[in-house]
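Here's the structure, in structure tokens; my notes come after.
The values are calculated or read from the model by the stated rules, or taken from the named source; none is laboratory data. Bear in mind the structure is a predicted one, so any value in this text is a computation, not a measurement. Ideal geometry is used to build each Cβ from the backbone, glycine not excepted, and the neighbour counts take in all protein chains shown.
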Ligand code: SF4
């Protein structure tokens with residue numbers, strides 16, 4: 001009965017205290033993504049080959065049972081906006097189960113963002129829009145969509161944030177400088193330090209690339225902090 005509503009969801013993380021700002025949340029993972037970031041740690045989620053490890057009924061039972069201990073549900077991927085059932089799923093989690101919903105998105109589908117009634121949005125801005133095709137495997141020009149999604153983030157004030165994964169070869173001083181005008185008006189930016197592992201989609205990409213230091217991260221934090229209300233480095 002709930003198969004269609006939960007189409008694309010392959011797994012559930014039962015709780016997290018760091019993914020949804022100010023809330024204890026469960027995390028639902030969609031499979032499949034329209035990018036191929038070299039630094040992605042979820043290769044099978046990105047290419048959509050992850051098999052479901054939990055059924056919709058089990059998810060609903062868990063969320064119903066844990067209502068006293070959890071305040072929110074984080075929906076992530078992969079890329080959730082690839083699925084037309086997303087708006088209905090968010091509506092169900094909010095109105096039938098009574099949860100606040102946070103959505104993680106790469107921002108390439110502003111139309112779907114507009115149609116979905118999430119309470120909090122975390123959007124990735126991975127590098128300058130011009131580099132999405134050559135470095136991140138985007139199949140089409142993305143600038144227009146990214147800019148529209150950025151406007152949605154700005155309109156949500158403190159209920160939205162931009163995340164930048166600081167991966168070597170993808171983010172550097174010149175990228176940060178180019179992003180500053182786009183970020184103006186965003187409430188919060190979170191810089192996520194890149195952690196190399198053999199599981200990344202394209203380990204060769206990082207072979208001869210100088211690593212990003214804490215000094216770089218804090219210089220970028222200060223620079224971005226000049227145009228947004230809050231900027232932080234995750235885990236530092
Ligand atoms: S947007 Fe990039 S990091 Fe996120 S799931 Fe897709 S390929 Fe992985």
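Summed over segment 21-61, residues that are over 27 Å from residue 190 (Cα atoms) and more than 16 Å from the ligand (Cβ to nearest atom) total 11. Among the residues making up segment 7-20, those that are more than 16 Å from the ligand (Cβ to nearest atom) and assigned to a strand (DSSP E or B) are 12, 14, 15, 16, 17, 18, 20. Within the span defined as segment 159-171, one or more residues are out of contact with any strand residue (DSSP E or B) (no Cβ under 7 Å at 6 or more places or on another chain), modelled with pLDDT of 95 or more and within 27 Å of residue 112 (Cα to Cα).
Could you please find all residues in segment 22-45 being out of contact with any strand residue (DSSP E or B) (no Cβ under 7 Å at 6 or more places or on another chain), under 20 Å from residue 162 (Cα atoms) and touching a residue at least 60 places away in the same chain (Cβ under 8 Å)? Scanning segment 22-45 gives 33, 34, 35, 36, 37, 38, 40, 41. Checked against (1) out of contact with any strand residue (DSSP E or B) (no Cβ under 7 Å at 6 or more places or on another chain); (2) within 14 Å of the ligand (Cβ to nearest atom); (3) under 22 Å from residue 85 (Cα atoms), residue 4 passes all but a single condition, namely (2).
Can you go through 111, 76 and tell me which one is within 24 Å of residue 155 (Cα to Cα), away from the ligand (no atom under 16 Å from the Cβ), at pLDDT 95 or above and within 20 Å of the chain's Cα centre (by Cα)? Exactly one of 111, 76 is within 24 Å of residue 155 (Cα to Cα), away from the ligand (no atom under 16 Å from the Cβ), at pLDDT 95 or above and within 20 Å of the chain's Cα centre (by Cα), namely 111.
Exactly one residue among 203, 181 is surrounded by fewer than 20 Cβ atoms within 10 Å (Cβ to Cβ) and within 19 Å of residue 46 (Cα to Cα), and that residue is 203.
Please count how many residues of segment 202-218 are under 22 Å from residue 162 (Cβ atoms) and either within 16 Å of the ligand (Cβ to nearest atom) or in contact with a strand residue (DSSP E or B) (Cβ under 6 Å, 6 or more places away or on another chain) (or both). Result for segment 202-218: 2.
Can you work out which of the residues in segment 182-224 that are within 22 Å of residue 146 (Cβ to Cβ) and part of a helix (DSSP H, G or I) is modelled with the lowest pLDDT? That would be 205. Just one of the listed residues (82, 97, 89) is closer than 15 Å to residue 31 by Cβ, more than 15 Å from the ligand (Cβ to nearest atom) and in contact (Cβ under 8 Å) with a residue 12 or more places away in the chain, namely 89.
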